[in-house]
Amino acid sequence: MKLLNPGPVTLTQRVRHALLRPDLCHREPEFAVLQREILQRLSHVYDDSGERYAAVLLTGSGTAAVEAMVASFVPRNGRPALVLANGVYGERMASMVERHGKSVEVVRHDWTEPLDLARIESRLQGCCAVLAVHHETTTGRLNDIAAVAARCRQAGVPLLLDAVSSFGGEEILFEEWNLTACAATANKCLHGVPGVSFVVARRDALPEARHSPCLYLDLSNYYVQQQKDGSPFTQAVHACYALHEALAELADAGGWKQRREEYRQRSEFLRSRLAERGIAPFLEEGHSCILTSYHLPSGQTYEQLHERLKRAGFVIYAGQGGLSDKLFRLAVMGDLNVEDLDRLVAAIG
Ligand SMILES: *Cc1c(COP(=O)(O)O)cnc(C)c1O
C-alpha cells in the first residue's frame, strides 16, 4: 500500500529495519547516545539553526509538539497571542491557547485565501506572540512566513511556527525569520514513524519557556533534562530508532534541498498528468511542493474515489471541515517512485 495522505508516510526499507534494533531502556546510556545524536541531527537539518537553536524531543504526534510549544512559550500576562488562521491547523492553535486559559486573538481568513499582511500588521501591536502555520495542510498552501516574520521582527513580537508538515521538505530560515521556535514531527517530511515529535527553539529562550499549564508539555523541563542526557518521561524508543535512521537517510540523500526537489518533481508530475484528465488543483497559486488539493472529479464522491484507489493500492486523503465534499488531497512524502505515481494517475484516470 502506498500512502498519499499527509503523514504518516510510506516507510523506506532502511527506516523500517531500524525498528528491529535491540530493546532499550530510556534511562540507559545507549539511549542517551541515541537521543544526543537525534537532537544534534534535528538542529542541523537546516544550515542556520545549528548554533543558536536546540531541538527538544517529545513522545507524541505532531500536535503534542505544537501544543508543548504554544503552552510553554505563550505567557499569561494579559496580552493576547495573535494566531494567523487560514485552515484547520491555525484554528487548532487558537483552541490550544484558549483551553490553556490565556488571551488569544485570531486573524481569520477564508481557507482558500493567502495570509492578509495588512490585517496582520494592524493587529501586531500589544501582542505577546504570533502563532503561524508554515504549510497549511488543509489546502496545501505554503504561507508567506518571510513576510510575516519581517513584520514580527519590526514590532518586536516573538514568532512561533507550526512547521509540522514542512520541516525537512521546505525552506525554513531560522535566523532570517528570527524564529523563537518551530514545532514538527518525525513522520512527515523526515520519513520516520509516528510516535515522536520535536520543537526546535532558541537556546536562550528555552530555559524561560516555563508557561505551560500542564506538566507533561513543559518544554523547559524537557530541555534542561535532555541537555544532561536525561529524559523526564518514557520515550517511544523504537520511534526514536526510526527517526535516527530517517535523519541519516535524509543527510545521505543530500538534505532538505534535495528532498524538496524530489517532492517538486513528484507534485508537478501529478499536477500535469491530472490536468490532462480534467482534474484541477483547488488553489490557483501558492501550493507547497509537499501536498496538492484537487477538485473532486465531477459526478464522484470522495468515498467512491477513495475506495477505488484503495483497491488499486493507494490511500488518498479527504478535505477537512467545510471542504470535505469539495476536494481530495495528494501528498508526495515518503517512499514513492515514478512507477508508483504512474500507476496512481492510471488508477485515477
Ligand atoms: C499533521 C499536522 C499537524 C499534527 O498532526 P498530528 O496528527 O498530531 O501528527 C499539525 N500541523 C500541521 C500543519 C500538520 O500538517
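The values are calculated or read from the model by the stated rules, or taken from the named source; none is laboratory data. All values derive from a computational prediction rather than experimental measurement. Heads up, the Cβs are rebuilt from the backbone with ideal geometry, glycines too, and the neighbour counts pull from every protein chain shown.
Among (1) among the aliphatic types (A, V, I, L, M); (2) within 21 Å of Arg141 (Cβ to Cβ); (3) surrounded by 16 or more Cβ atoms within 10 Å (Cβ to Cβ), where does Ala280 come up short?
(3) is the only condition that Ala280 fails.
Could you grab me the full set of residues in segment 1-49 that are among the aromatic types (Phe, Trp, Tyr) and in a loop (DSSP other than H, G, I, E, B)?
Listed by number, the list holds a single entry, Tyr46.
Identify all residues within segment 174-201 that are in a strand (DSSP E or B), touching a Pro at 6+ places or on another chain (Cβ under 9 Å) and under 26 Å from His244 (Cβ atoms); write none if there are none.
Those that are in a strand (DSSP E or B), touching a Pro at 6+ places or on another chain (Cβ under 9 Å) and under 26 Å from His244 (Cβ atoms): Leu179, Ala181, Thr185.
Kindly establish whether Arg36 is more than 15 Å from the ligand (Cβ to nearest atom) and more than 25 Å from His211 (Cβ to Cβ).
yes
Would you please name the residue that is nearest to the chain's Cα centre (by Cα), looking only at residues in segment 150-189 that are without any contact (Cβ under 8 Å) to a residue 60 or more places away in the chain and within 21 Å of Val88 (Cα to Cα)?
Restricting to residues being without any contact (Cβ under 8 Å) to a residue 60 or more places away in the chain and within 21 Å of Val88 (Cα to Cα), the top hit is Ala163.
Has segment 38-49 got any residue that is over 24 Å from Asp144 (Cβ atoms), without any contact (Cβ under 8 Å) to a residue 60 or more places away in the chain and surrounded by fewer than 19 Cβ atoms within 10 Å (Cβ to Cβ)?
Yes, that holds for at least one residue.
Is one or more of the residues making up segment 93-106 over 19 Å from Val157 (Cβ atoms), within 16 Å of the ligand (Cβ to nearest atom) and in contact with a strand residue (DSSP E or B) (Cβ under 7 Å, 6 or more places away or on another chain)?
Checked segment 93-106: no residue is over 19 Å from Val157 (Cβ atoms), within 16 Å of the ligand (Cβ to nearest atom) and in contact with a strand residue (DSSP E or B) (Cβ under 7 Å, 6 or more places away or on another chain).
Out of all the residues in segment 149-162, is one or more under 26 Å from Gln258 (Cβ atoms) and either buried (at least 24 other Cβ atoms within 10 Å of the Cβ) or within 16 Å of the ligand (Cβ to nearest atom) (or both)? Steps first, answer last, please.
Here is the first cut: in segment 149-162, the residues under 26 Å from Gln258 (Cβ atoms) are 149, 161-162.
Keeping just the survivors that are either buried (at least 24 other Cβ atoms within 10 Å of the Cβ) or within 16 Å of the ligand (Cβ to nearest atom) (or both) gives 161-162.
There is at least one residue in segment 149-162 that is under 26 Å from Gln258 (Cβ atoms) and either buried (at least 24 other Cβ atoms within 10 Å of the Cβ) or within 16 Å of the ligand (Cβ to nearest atom) (or both).
Consider Val9 carefully, then state whether it is surrounded by 17 or more Cβ atoms within 10 Å (Cβ to Cβ), modelled with pLDDT of 95 or more, away from the ligand (no atom under 16 Å from the Cβ) and within 30 Å of Phe314 (Cβ to Cβ).
Details: surrounded by 17 or more Cβ atoms within 10 Å (Cβ to Cβ): yes; modelled with pLDDT of 95 or more: yes; away from the ligand (no atom under 16 Å from the Cβ): no; within 30 Å of Phe314 (Cβ to Cβ): yes.
Here the answer is no, as Val9 does not meet what is asked.
Out of all the residues in segment 58-81, which are surrounded by 24 or more Cβ atoms within 10 Å (Cβ to Cβ) and either of a type in the set (Val, Ile, Thr) or touching a Cys at 6+ places or on another chain (Cβ under 8 Å) (or both)?
Result: Val66, Met69, Val70, Val74, Ala81.
Residues of segment 312-332 being aliphatic (A, V, I, L, M) and either farther than 16 Å from Leu4 by Cβ or assigned to a helix (DSSP H, G or I) (or both), which ones?
Listed by number, the list holds a single entry, Leu323.
Given (1) away from the ligand (no atom under 15 Å from the Cβ); (2) among the β-branched types (Val, Ile, Thr); (3) within 19 Å of Val157 (Cβ to Cβ), identify the lone condition not met by Val45.
The failed condition is (3).
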